[in-house]
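Structure first, commentary second.
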Amino acid sequence: MKRYQINIRKKNAPKFSYDPVLPITAKKDEIIESILKNQVVIISGETGSGKTTQIPKFCLAAGRGIYGKIGCTQPRRIAAITVAARIAEELGEETGKSVGYKIRFTDKTRKDAYIKVMTDGILLAEAHNNPFLSEYDTIIVDEAHERSLNIDFILGILKTLIKKRRRLKIIITSATIDTEKFSKAFDNAPVIEVSGRTYPVEVRYLKDDPEAEESDEKTHVDLAVEATDRLFRESRSGDILIFMPTEQDIRETAEILEGRKYPSAEIMPIFARLPAAEQTRVFLRLPKRKIIIATNIAETSITIPGIKYVVDTGLARISHYTPRSRSTALPVVKVSRSSADQRKGRCGRVENGICIRLYPREDYESRLLYTLPEILRSNLAEVILRMISLDLGDISDFPFIDAPPPRSIRDGYEILLELGAIERLNGDKAGFSLTRNGKLMASLPVDPRISRMLIEAGRRGCLEEMTVLAAALSCQDPRERPADKADEADRAHRIFMDAQSDFITLLNIWKRFIEALKGVKITAGIKKFCRANFLSFRRMKEWRDIYLQLNEILDENGMKSIKAEAGTAESTKYIPGGFSLLYAAIHKSILSGFLSNIAVKKEKNLLSGTREKTVAVFPGSGLFKNPGTWIVAAEMIETSRLYARTAANIESSWIEEIGKKQCRYSYCDPHWERARGEVVALEQVSLYGLIIVSERHVSYGKINPEDASNIFIRLALVDGDVRVPFGFMEHNKNLKNEILDLENRIRRRDIFAGDDAIFEFYRNKLPVIYDLRTLSRHIKNAGGDQFLRMKKEDFSRYLPDEDEISLYPDNLKFGGNPFECLYAFDPGKPEDGVTIRIPSENTRDVSHEATEWLVPGLLKEKITALVKGLPKEYRKKLVPVSGAVDEIMDKMPKGKRSLKTALSGFINKNFGVDIPASAWPDDTLPEHLRMRISVTDKDGKEICSGRDKAILIKDYSEPEDNGLFESARKKHEIKGITKWNFGDIPEKIAIKGGDNRDRIYFPGLHADEGCVNLKIFESEAESITSHREGIVALFSIVFEKDLKSLKKLLILPKDNGGCSTFFGGDKRFGSLLVKSLLNDILNTDIRTKETFDSQTLIVMRSIYERGRKKIEKIMPVLKACHEAEEIFSSLKKRSVSNREASDLISRLKQELYKLIPENFMELYDEERFPDLQRYTRALSARAKRGVIDPEKEKARSAGLQVHTARLDKQVKSLSQLASGEKKKAVEEFFWLIEEYKVSLFAQELKTNVPVSAKRLEKKYQEIERMV
């Protein structure tokens, strides 16, 4: 400042006087002298001492205010305004001349002013733009006992500044202060104590009150009401001030007291959210007795006149920030002794007072002396940002009166790092500097979180909306809810409510507010709008002022408001399935500032917050009843529980988009994904303990290229798990299968070098590749995939010689047809061993005996297993087994009969060991030594498989399919046929089913009563049998008359002596003869009318001649049967009384009927007829001799019984699986027994072959060795 300016200021300095009544006036000279001698002076003055208004005048008297203004800070705007007005009044001036004030959005200070009263926030803001605070030569910090964050920060700045500005004077004043602590903080600065101008105050404690009823059930509200009742009984005058901790307590207390209907009493609540008009009423002098119910707002700053009684609950709601959970708690706690004394000091200003403390004296004395400074319980992010901006060094080294805890400092830095406001200095782990965003954030007069939101909004084109919201979040909620009009207020506020976002609710209020201003005077418009909508006029004005200030700062910094696409009011509404572009832009911007205030729904109204918090949506929120899955909140406030206030629904994907740097990424389950053609892992994204993305499939190659490449080679290339294999993969796969097939054939697992060899081959040939796209590009650049094609030597440890491999053929021939052989070496699995694939239509062409021989390479092992599995009585005769097996393999003929039959026969012949077929083991034979049969359909698909031989004789015709068979019957079947007038009959017909596959059915004729029918069969075998019978039946119908005539012609010779009676007479015999002849002649598969007609001509031409010849051949048999019947009849009559003889005749008669049944002409070949005659005559001879010599009959019958019993046993044991060889042998055994009967009972008839009991025994043993 230039000298002439100094002279002008000295000349124009205001004239002032002192009020001798004020206690501080008595200390005037001491204070002035101390200011002159010391750079820092600490003044402790009780309430009512006059320090706030008089000390600025003392400074003027000490010559201050000449080289700069005298700055005086106040913690609240209302105090700054009233203090400036009071000082100006005492100087005889209007506010705005020598004395001015400056609060947010209002500056009533002239450049040539001497005293400037301002809020501590204003001084901090000025320190940002002017670190030396050169505008002032003296700074008074008033109400320092409140120890707010701003006050402590200012004190720290001033402590640093006085070392740089030696002529700067600092005066610290307070009603109550820890003078020793402040003095030490400022290098033992002098302390001046001033007593207050007060009257005596009687203090009553809870236990001192004789009417107090101690009860745990009574609340502080109940106790306050009781105290008020007592005061009204004791006196009729004197205003009452009741201190309550919360707004709700105030409303509850007011409601109860209003119910008391005290005479001439006015109940007045006062709290921060109360409309200004109602707040100012408490200062008015009223004819009624005032009962004022207040929060700790009435402790200092404002002095309410006329208070005689104070009722102190000893409680207050004091905010406390928790760094770990990033939440701000607002618990109701006990106030300190200094605060209790401040409350007591509210009475006794004009007369004697009474302070009723609703707690015991011991409780008061045990409390902390001072309230914990705000810096020890606050979020330090803004402080740190401003310190870095002002270049004040590290916060840990900053001269705070009380150093903040390290955890809070660490949390402040972490928040700024998260917001992108600061970055670490290179090479200095402890140092930080502002980022480009940080510099802008430091210039904005709002919380760093909010300034970060504004920066993000500028990028996303929603800066206008975010500026409105930033202003809203920087002041108190403008919505009012008067107790007497709560419902009406709720209805008014509901118009603005948005169910998805409280931020949109604020924007709705703003929109209606701006619309209301159009066309009217600003003040009148605002007030009208506010009254109608229950909004605070003062706060709405403040909101608008902050908005305008922010807009100005943003414009200065070149941030232009670009509207988001589709940025209409409607666009903020929720769209099913997603949010609008503007909604997304706004809330992504909000997330950038409140990233740690996210939460995810846990149950109904409860959510899981960051850092293991459980959060509930605040009841006043539009989201309260139905919050979304994810929300973000402007603040986390803890009262009775942790609440998310000013919240909105968001998409979880926005969180990662905004907080990618803060997110933690973890990966698990790296795996090959065929559909994507690359190696992927499951990514989990979390932020502050909340899982945002649980299992997202991401490319693993970018995370761990080496590991991803190994997985790619192992699963995609080695295992071949790709949609379209590369050429080299097919090549290598075929080579591998060839090697594995060799192992399966020779049943060894030492040829294939293993998948590891393939893996190493690829790894040596390829760079780090983990997806198909890169592989394709690499192959293209290499000019082809030849370098990735393997050779057999790359796969195998060694290769078997060709002779060994030839023992395991690719196919086996059965019935002239080759069938594919598949090999598997997989013990315990169904397909282990050799599998032969047989189409269903060829199963009956394959002899199951042939399958027993397996393949040459396994035959020796199978024979060895069979021999070792024999019962001991046989096995011990074949030791050493290896030698016996070698001889069998060298000498035994192979493949012509059943293996077991062949073995039994060979061993019996060469080793003299008679082994029945039943002795060979089946159950103990290893599975791979039994041929596995796979029956396939016409498409090559397996129908069934197994090692049971019965699989070859099953019917594989397709079952009826959903009415398809019935449909085929309706379409093709014909009934009542008596002649061939229906066209040709195909062998099979195909009907297309619902699966678009053909079903095969088999048509054929079927004999019926007096006609034939054309039927559809599912079984081919059944169709053939029925059709041949049907052809004979149709011929019989067509040529019925001709056949009747033929039957008359084909009669037995006249001298037949009634031989036909054995078959029921001449007529019956004639029918049987003709049927036999037709079956002989028509035993072909006739399917066309032409063939049928041609065959009938042949039949008609030859049937008579063939009939005459057949009669000649069967006549000896007929005569023998006729004679036998007569003999049996005669002997029966003579043996009526001889039961034994009668039984013999009956048995022999039954044997005759079994030997010569009615259909014997069809049953036996004509070559067998002479033998039948002889066997019949033998029965006659046996009957005669048996009746004469029964004992001899018995003896011979007993010997015969052994062989007939064995025959019966063999016949019963024959199954469909019995070998043809065995069936033939059993039949031979039957005829041999018949010959044996001739040798026993009618030797004179002679036998055709040598026969004896020994020969029968030998034949039986031969059969036993057969399968």
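Pairing each residue of the range 618-641 that is in contact (Cβ under 8 Å) with a residue 60 or more places away in the chain and exposed (fewer than 14 other Cβ atoms within 10 Å of the Cβ) with any residue that is of a type outside the set (Ser, Thr, Tyr) and part of a loop (DSSP other than H, G, I, E, B), provided the two are 6+ apart or on different chains, yields C-beta distances under 8 Å for Asn626/Ala499.
Within the range 913-936, take every residue that is part of a helix (DSSP H, G or I) and closer than 21 Å to Lys1222 by Cβ and give me the one that is modelled with the highest pLDDT. Ranking the qualifying residues of the range 913-936, first place goes to Ala919. Checked against the criterion of being surrounded by 19 or more Cβ atoms within 10 Å (Cβ to Cβ) and either under 19 Å from Ser967 (Cα atoms) or not assigned by TED's automatic domain parsing to the domain that holds Leu1078 (or both), the range 984-995 has at least one qualifying residue. The listed residues are Arg1196, Arg1174, and the only one of them that is buried (at least 17 other Cβ atoms within 10 Å of the Cβ), closer than 30 Å to Leu1078 by Cβ and basic (Lys, Arg) turns out to be Arg1174. Find the helices (runs of 4 or more DSSP H) located wholly in the range 338-430 whose residues include 3 or more that are over 24 Å from Glu146 (Cα atoms), and list them. It comes to 406-419.
Of all residues in the range 762-784, one or more are out of contact with any Leu (no Cβ under 7 Å at 6 or more places or on another chain), of a type in the set (Val, Ile, Thr) and without any contact (Cβ under 8 Å) to a residue 12 or more places away in the chain. Against the list (1) within 30 Å of Gly857 (Cα to Cα); (2) within 54 Å of the chain's Cα centre (by Cα), the condition Phe965 fails is (1).
Conditions (1) of a type outside the set (A, V, I, L, M, F, W, C); (2) assigned to a loop (DSSP other than H, G, I, E, B); (3) out of contact with any Ser or Thr (no Cβ under 9 Å at 6 or more places or on another chain); (4) surrounded by fewer than 21 Cβ atoms within 10 Å (Cβ to Cβ), marked per residue:
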| residue | (1), (2), (3), (4) |
| --- | --- |
| Ile151 | no, no, no, no |
| Thr160 | yes, no, yes, yes |
| Ile170 | no, no, no, no |
| Lys184 | yes, no, yes, yes |
| Asp187 | yes, yes, yes, yes |
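Exactly one residue among Phe1128, Phe1069 is surrounded by 17 or more Cβ atoms within 10 Å (Cβ to Cβ), at pLDDT below 90 and within 30 Å of Leu1034 (Cβ to Cβ), and that residue is Phe1069.
Filter the helices (runs of 4 or more DSSP H) completely within the range 727-837 down to those with at least 2 residues that are in contact with a helix residue (DSSP H, G or I) (Cβ under 8 Å, 6 or more places away or on another chain) and either within 30 Å of Val679 (Cα to Cα) or at pLDDT 95 or above (or both). The helices (runs of 4 or more DSSP H) meeting that bar are 727-746, 755-765, 772-781, 792-795.
Per the conditions (1) surrounded by 19 or more Cβ atoms within 10 Å (Cβ to Cβ); (2) at pLDDT below 90; (3) within 23 Å of Ile637 (Cα to Cα), the sole criterion not satisfied by Leu315 is (2).
Checked against the criteria, Val680 counts as at pLDDT 95 or above, in a strand (DSSP E or B) and in contact with an Asp or Glu (Cβ under 7 Å, 6 or more places away or on another chain). If you go through the range 1234-1259 and keep only what is in contact with a His (Cβ under 8 Å, 6 or more places away or on another chain), surrounded by 19 or more Cβ atoms within 10 Å (Cβ to Cβ) and under 27 Å from Val913 (Cβ atoms), you end up with just Leu1256. Residue-level check: of (1) farther than 30 Å from Val879 by Cβ; (2) at pLDDT 90 or above, Ser840 misses just (2). Look at Ser571 and say whether it is outside the structural domain of Thr106 (by TED's automatic domain parsing), modelled with pLDDT under 85 and part of a helix (DSSP H, G or I). So Ser571 passes the test.
Residue under question is Arg696, and the condition is that it be within 23 Å of Ala584 (Cα to Cα), among the basic types (Lys, Arg), in contact (Cβ under 8 Å) with a residue 24 or more places away in the chain and out of contact with any Gly (no Cβ under 6 Å at 6 or more places or on another chain); does it hold? Judged against the criteria, Arg696 is not a match.
Condition test on Leu606, is it in contact with a Cys (Cβ under 9 Å, 6 or more places away or on another chain) and of a type outside the set (S, T, N, Q)? Spelling it out, it is not the case that Leu606 is in contact with a Cys (Cβ under 9 Å, 6 or more places away or on another chain) and of a type outside the set (S, T, N, Q). Considering the range 1185-1220, the residues that are within 13 Å of Val1267 (Cα to Cα), of a type outside the set (A, V, I, L, M, F, W, C) and in contact with a helix residue (DSSP H, G or I) (Cβ under 6 Å, 6 or more places away or on another chain) include one that is modelled with the highest pLDDT, namely Gln1210.
When the residues of the range 445-472 are narrowed to those that are outside any helix (DSSP H, G or I) and under 39 Å from the mean Cα position of the chain (by Cα), which ends up modelled with the highest pLDDT?
Ranking the candidates gives Cys462 first.
I'm trying to understand the selection: among the residues of the range 215-259, which are modelled with pLDDT of 90 or more and of a type in the set (Lys, Arg)? If the condition is that a residue be modelled with pLDDT of 90 or more and of a type in the set (Lys, Arg), then Arg230, Arg233 are the ones that fit.
Consider the range 1131-1160 and keep the residues that are outside any helix (DSSP H, G or I) and touching a residue at least 60 places away in the same chain (Cβ under 8 Å). The one that is surrounded by the most Cβ atoms within 10 Å (Cβ to Cβ) is Ile1156.
The values are calculated or read from the model by the stated rules, or taken from the named source; none is laboratory data. What you see is a predicted model, and the numbers here were worked out from it, not measured in a lab. Please note: Cβ atoms are built from the backbone with ideal geometry, for glycine as well, and neighbour counts cover all protein chains shown.
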